[in-house]
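Input: a single structure, listed below in structure tokens.
The values are calculated or read from the model by the stated rules, or taken from the named source; none is laboratory data. Note that the coordinates shown come from a computational prediction; the quantities given were computed from them, not determined experimentally. When we count neighbours, we look across all protein chains shown, and the Cβ atoms used for this are built from the backbone with ideal geometry, even at glycine.
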Amino acid sequence: MESRLLDELEQGATVLSATNRLARTLRRAYQQRQLEAGRAAWPSPDALPWEAWLQRCWTDARDFAALPGMLLGPGQELTLWEAVMAADAELPEGFRVAGTAPLVQEAWTLVHQWRLDQAAGPGDSQEAAASVDASAFRRWRGAFERRLARGGWITRAQLPDRLAAAFREGALPPPRRLVLAGFDERSPQQAHLLDVLEALGTEVAGAPEPRPGSESPAARLAPYPDRDAEIRAAAAWARHELEAGAEGPVGIVVPDLGEVRAPLERALLDTFHDPLTHPERAPDELAFNLSLGQPLAEVPVLHAALSVLSLVVDELPITEAGALVRSPYLEASEAEAGARVRLDLRLRRRGGQGVDRSVVAQLAAATGAGGKPAAHGCPRLAGALGRARRRLEALPAHRPPSAWAETFADLLGDLGWPGERTLDSVEFQAVGAWRERVLEPMAALDGVSGPVPLHEALRRLRRLAGEAVFQPRSNPEAPVQVLGILEAAGLEFDRLWLLGMHEGAWPQPPRPNPFLPRRLQRQQGLPRATPERELAFAERTMQRLLASAPVVVASYPERGARDEELQPSPLVAGLAPEPAPPEASVPGRAWEERLRRAADLEPLHDPWGPPLGEEGPVPGGASLFRDQSACPFRAFAARRLGASAPEAPPSHPTPPIRGNLLHEALHTVWGELGDQATLRDCSPERLNQLCKAASRAAVDSTRREHPGLFGERAARLEVRRLTERLEQWLGKEAQRHTPFRVLDRELPAEAAVGGVNVKLQVDRVDELADGRWLVIDYKTGEADYRRWLGERPEEPQLPLYALALGEQVAGAAFVRLKPDLMDFSGLAADGIDEGSGGRGIKPADQAREAEGRNWAALAGDWRQVLGDLAEEIRTGKAAVAPRFGPGSSKSPCRTCPLPALCQIHHDDPGKDDLGGE
């Protein structure tokens with residue numbers, strides 16, 4: 001087919017393609033033909049996509065003064081639709097104009113492309129009148145057309161009909177010959193324009209279509225366990241085919257390319273990219289070409305620009321604000337790099353849904369002793385945010401979009417965007433696209449929009465950046481071409497892989513436009529209107545694809561992202577099965593071999609860190625022993641190396657925060673009460689006042705630490721909830737049979753076990769009537785004394801407390817303070833049991849899990865177990881050896897924040913689904 005089209009171009013015909021990709025391919029092939037023929041110069045081939053041809057005809061019409069008025073761009077048209085809809089007095093309260101306008105714009109386009117005004121009958125008018133959405137569209141359409149008439153504007157949906165009229169009236173000369181390539185179907189509007197041209201003498205021809213049954217005899221179907229395995233196999237297959245002698249192009253065609261773009265690009269980079277030769281991964285130097293760009297708003301340098309404007313104008317979620325302050329695209333990003341990491345951590349601790357400029361600026365400007373910046377202080381960032389604030393404060397509330405576009409550019413300059421380092425090629429192109437495809441189109445909105453407030457201007461800026469597709473310069477002749485199904489129209493390949501061909505992806509599900517009568521959409525066969533229509537379209541497309549290469553592999557994943565079972569698309573299910581599906585493993589890469597040879601690496605397994613010195617108490621307290629019991633490497637990394645994962649910013653009071661609230665309130669309450677006798681003598685009114693005051697003090701303290709976490713109303717509700725919980729628990733404490741007094745709270749202690757000294761802080765120590773002590777630890781989650789037992793105890797905290805405080809300790813217990821379960825869970829010496837020492841505290845020799853050991857024997861066991869852990873800590877044992885393997889449901893790996901550091905999955909790739917946090 002390509003040869004026939006090149007012949008047409010040489011004869012002076014205009015070839016109109018269905019896609020930009022096909023037009024570029026034809027122009028490159030034409031150039032190559034001329035070079036091979038030995039020509040030094042030749043006329044430019046007239047190959048261009050349909051939309052570009054319409055634009056050229058419009059320009060010619062303007063030159064001939066045949067079509068007065070202004071052609072609106074997509075952004076201008078959408079803004080006009082939003083203005084029309086916002087002015088509708090019948091809109092219900094809360095109606096989302098911005099989210100609905102694109103569907104209304106689509107309905108307008110479909111009306112013209114499928115000439116629905118001419119096709120509609122009385123039944124369609126009745127259906128439209130009965131439909132709220134269709135009736136609304138009629139109102140909006142009338143207002144929209146009136147605004148177009150007043151402004152002298154036309155939309156791109158109207159352009160083909162206007163051009164048809166201009167050709168028919170002789171205002172434009174018709175072309176001599178048109179050849180259509182890659183069109184699986186033509187809309188009635190296209191057919192009308194072409195009919196007009198044919199009537200005026202234009203020769204209109206279509207490119208030859210594949211004959212029925214002409215699909216590749218080598219087409220095969222290959223299943224894979226999941227999407228990732230399928231993607232890896234496609235990338236490895238493409239490289240294998242090229243190395244086996246395929247001349248290219250090797251095509252990888254995907255129905256939902258946007259969904260798999262990122263993992264597919266990673267797999268292709270792993271397969272083809274040589275980071276030693278090309279460390280920057282410049283797109284024009286890669287062996288593959290991805291046809292689908294990404295929204296400008298998602299390119300990192302421009303995502304940072306939109307984020308910092310959102311921060312200055314409105315607010316950002318805390319995680320985005322934290323990522324922003326660490327961005328390399330702001331002023332002094334390198335000079336203040338360390339402080340900005342700490343600023344991110346400070347923002348996370350603050351909590352809440354989001355933060356605005358004032359919060360970030362205040363924290364960034366924080367000072368410490370002597371007026372020096374605090375550890376998280378970033379004075380240059382604070383200064384940049386201050387400049388941006390002063391600029392905005394000097395501006396009027398409403399301004400034209402062009403003025404706001406200029407202001408946004410100035411604000412980014414105030415904030416040091418796009419950073420101090422030299423931009424790479426992709427970043428440089430993206431910054432240029434920002435000016436040309438976002439700021440300039442926004443300035444062009446003045447013609448269809450009056451002055452708008454700042455927040456509305458920012459919304460429009462974000463929308464333009466989200467709609468503009470960025471495709472960095474790449475190698476159009478790369479041997480591997482990755483395309484969507486529609487972009488592959490009219491192209492031919494040496495090898496072809498159809499990726500993701502499962503029943504849910506192809507044919508695509510119907511999606512009729514809600515603003516047009518359903519019956520009319522079905523009758524006229526509109527795109528996405530019915531399953532039958534989508535099936536017929538997919539069958540034609542599949543016939544073309546299967547005939548576009550001599551070797552075709554169609555593949556599908558057997559399981560989806562939610563672990564659902566998937567079946568192959570019915571359009572490929574009849575293909576012969578691939579007897580040996582291509583392997584999903586990436587072939588060996590030459591650069592890896594060179595790197596290994598150059599480094600002369602020798603594997604070394606060293607499970608030991610340096611032994612402890614004589615520097616005093618080891619950081620970590622009881623958590624050091626808990627982590628060593630869970631996994632020696634975890635203890636060494638977290639407590640000796642200081643490795644940690646950033647905590648997730650709380651958007652609401654989390655269980656740990658609520659646990660701290662209850663802990664702090666109980667500390668205050670027992671400071672007032674002191675003993676059980678005072679508690680029993682306290683009147684209900686007095687106890688309520690005491691609990692309420694303690695709860696309020698705890699909430700106020702937490703609000704100072706996490707100012708974004710509680711509003712006034714939420715704080716009042718939290719005080720009420722906390723007060724009720726305290727009163728409920730104190731009622732149980734009053735019922736304990738053995739009198740007690742609270743000897744100490746938050747008691748500092750130091751334990752020396754096996755040569756390891758740690759500092760501790762015991763929640764509470766009760767002195768019983770006989771003078772013995774009961775050590776208590778508050779828990780608001782799961783807690784059970786059985787976690788103290790065994791050679792690798794899960795919770796060695798209370799045993800460590802008991803040993804640290806000496807022989808006077810005769811029992812230890814968790815106080816479980818769950819809403820649905822308030823009790824003790826502990827072990828003690830004889831004479832302290834459920835009947836006298838509190839519910840859930842058992843004499844040790846009566847607890848089956850303690851295997852008949854009394855309290856003294858149990859303490860001896862703990863001394864031995866904790867001594868063994870201390871010996872591991874003291875000698876520096878740091879092996880990756882979790883208590884249970886990573887595949888176990890009990891494994892500490894499931895909640896470990898450091899799996900990337902220990903790389904436990906590297907040696908056990910079959911057990912990588914831990915479900916950890």
Leu687 vs. criteria crowded, with 16+ Cβ neighbours inside 10 Å, modelled with pLDDT under 95 and either of a type outside the set (Val, Ile, Thr) or farther than 30 Å from Thr875 by Cα (or both): yes
Where the second residue is assigned to a loop (DSSP other than H, G, I, E, B) and surrounded by 21 or more Cβ atoms within 10 Å (Cβ to Cβ) and the first is on the phi > 0 side of the Ramachandran plot and lies in region 483-512, which pairs have Cβ atoms under 6 Å and are six or more apart or on separate chains? Gly490/Gly182; Gly500/Pro255
Confirm whether Arg704 is assigned to a helix (DSSP H, G or I), under 30 Å from Pro317 (Cα atoms), within 32 Å of the chain's Cα centre (by Cα) and charged (D, E, K, R). yes
Output the residues belonging to region 861-917 that are part of a loop (DSSP other than H, G, I, E, B), modelled with pLDDT of 85 or more and small (Gly, Ala, Ser). Gly876, Ala878, Ala879, Ala881
The residue from Glu406, Glu427, Glu440, Glu420 that alone is among the acidic types (Asp, Glu), assigned to a loop (DSSP other than H, G, I, E, B) and either over 25 Å from Pro317 (Cβ atoms) or not assigned by TED's automatic domain parsing to the domain that holds Arg150 (or both) is Glu420
Within region 394-427, tally of residues that are over 24 Å from Arg326 (Cβ atoms) and in contact with a helix residue (DSSP H, G or I) (Cβ under 6 Å, 6 or more places away or on another chain): 5
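If you check Leu709, Leu730, Leu717, Leu747, which single one turns out to be buried (at least 16 other Cβ atoms within 10 Å of the Cβ) and either outside the structural domain of Leu661 (by TED's automatic domain parsing) or assigned to a helix (DSSP H, G or I) (or both)?
The unique qualifying residue is Leu730.
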So Val699 clears everything in (1) assigned to a helix (DSSP H, G or I); (2) out of contact with any Asp or Glu (no Cβ under 6 Å at 6 or more places or on another chain); (3) touching a residue at least 24 places away in the same chain (Cβ under 8 Å) except one condition, right? Which one? (2)
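Going by what's in this entry, would Trp434 be described as farther than 21 Å from Ala86 by Cα and at pLDDT 95 or above?
It is true that Trp434 is farther than 21 Å from Ala86 by Cα and at pLDDT 95 or above.
Assess whether Gly754 counts as being in contact with an Asp or Glu (Cβ under 7 Å, 6 or more places away or on another chain), modelled with pLDDT under 90, surrounded by fewer than 21 Cβ atoms within 10 Å (Cβ to Cβ) and not aliphatic (A, V, I, L, M).
Yes; evaluated as a whole, the condition is true for this residue.
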Restricted to region 766-778 and to residues being buried (at least 19 other Cβ atoms within 10 Å of the Cβ) and among the charged types (D, E, K, R), the residue nearest to the chain's Cα centre (by Cα) is Asp777
Here the residues within region 201-219 that are modelled with pLDDT of 80 or more, surrounded by 15 or more Cβ atoms within 10 Å (Cβ to Cβ) and in a loop (DSSP other than H, G, I, E, B) are Thr202, Ala219
Looking across region 167-179 at residues that are surrounded by fewer than 19 Cβ atoms within 10 Å (Cβ to Cβ) and outside any loop (DSSP other than H, G, I, E, B), the single one that is modelled with the highest pLDDT is Arg177
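May I ask you to say which residue of Thr738, Thr723 is touching a residue at least 12 places away in the same chain (Cβ under 8 Å), within 26 Å of Asp823 (Cβ to Cβ), outside the structural domain of Asp344 (by TED's automatic domain parsing) and not in a helix (DSSP H, G or I)? Before you say what the answer is, go through the steps one by one.
Values: Thr723 fails: not in a helix (DSSP H, G or I).
When all the criteria are applied, what remains is Thr738.
Tell me yes or no: at least one residue of region 339-350 is free of Cβ contacts under 8 Å to residues at least 24 places away in the same chain and either surrounded by fewer than 16 Cβ atoms within 10 Å (Cβ to Cβ) or farther than 30 Å from Pro453 by Cβ (or both).
From region 339-350, those free of Cβ contacts under 8 Å to residues at least 24 places away in the same chain are 341; that's our starting set.
Next, from what is left, pick out any that are either surrounded by fewer than 16 Cβ atoms within 10 Å (Cβ to Cβ) or farther than 30 Å from Pro453 by Cβ (or both): 341.
Yes - at least one qualifying residue is present in region 339-350.
Conditions tested, residue by residue: (1) at pLDDT below 85; (2) assigned to a helix (DSSP H, G or I); (3) surrounded by 11 or more Cβ atoms within 10 Å (Cβ to Cβ).
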position	(1), (2), (3)
Ser585	yes, no, no
Gly588	yes, no, no
Glu593	yes, yes, no
Glu602	yes, no, no
Asp627	no, yes, yes
Ser644	yes, no, yes
Residues located in region 844-900, provided they are touching a residue at least 12 places away in the same chain (Cβ under 8 Å), touching a Phe, Trp or Tyr at 6+ places or on another chain (Cβ under 9 Å) and not hydrophobic (A, V, I, L, M, F, W, C): Asp845, Glu849, Thr875, Gly876, Lys877, Pro882, Ser891, Pro892
Would region 658-676 turn up any residue that is outside any helix (DSSP H, G or I), assigned by TED's automatic domain parsing to the domain that holds Val742 and hydrophobic (A, V, I, L, M, F, W, C)? no
Restricting attention to region 283-302, and to residues there that are in contact with a Leu (Cβ under 9 Å, 6 or more places away or on another chain) and part of a helix (DSSP H, G or I), which single residue is nearest to Ala339 (Cα to Cα)? Val301
Checking the structure you have, find out if any residue of region 479-486 is outside the structural domain of Gly99 (by TED's automatic domain parsing) and within 19 Å of Val360 (Cβ to Cβ). no
For Glu320, the lone unmet condition from (1) acidic (Asp, Glu); (2) assigned to a helix (DSSP H, G or I); (3) not assigned by TED's automatic domain parsing to the domain that holds Phe408 is (3)
Matching residues, region 88-102, being under 25 Å from the mean Cα position of the chain (by Cα) and not small (Gly, Ala, Ser): Arg96, Thr100, Pro102
Looking only at region 49-107, count how many residues are in a loop (DSSP other than H, G, I, E, B) and surrounded by 13 or more Cβ atoms within 10 Å (Cβ to Cβ). 8
Within region 364-385, the residues that are assigned to a helix (DSSP H, G or I) and buried (at least 21 other Cβ atoms within 10 Å of the Cβ) are Ala364, Leu381, Ala384, Leu385
Do we have any residue at all in region 811-831 that's in contact with a Leu (Cβ under 7 Å, 6 or more places away or on another chain), assigned by TED's automatic domain parsing to the domain that holds Leu730, of a type outside the set (Asp, Glu) and surrounded by fewer than 21 Cβ atoms within 10 Å (Cβ to Cβ)? no
Any residue at all in region 780-800 that's among the β-branched types (Val, Ile, Thr) and either closer than 25 Å to Ala870 by Cα or buried (at least 22 other Cβ atoms within 10 Å of the Cβ) (or both)? no
Scanning region 6-25 residue by residue, those in contact with a helix residue (DSSP H, G or I) (Cβ under 6 Å, 6 or more places away or on another chain) and not in a strand (DSSP E or B) turn out to be Leu6, Leu9, Thr19, Arg21
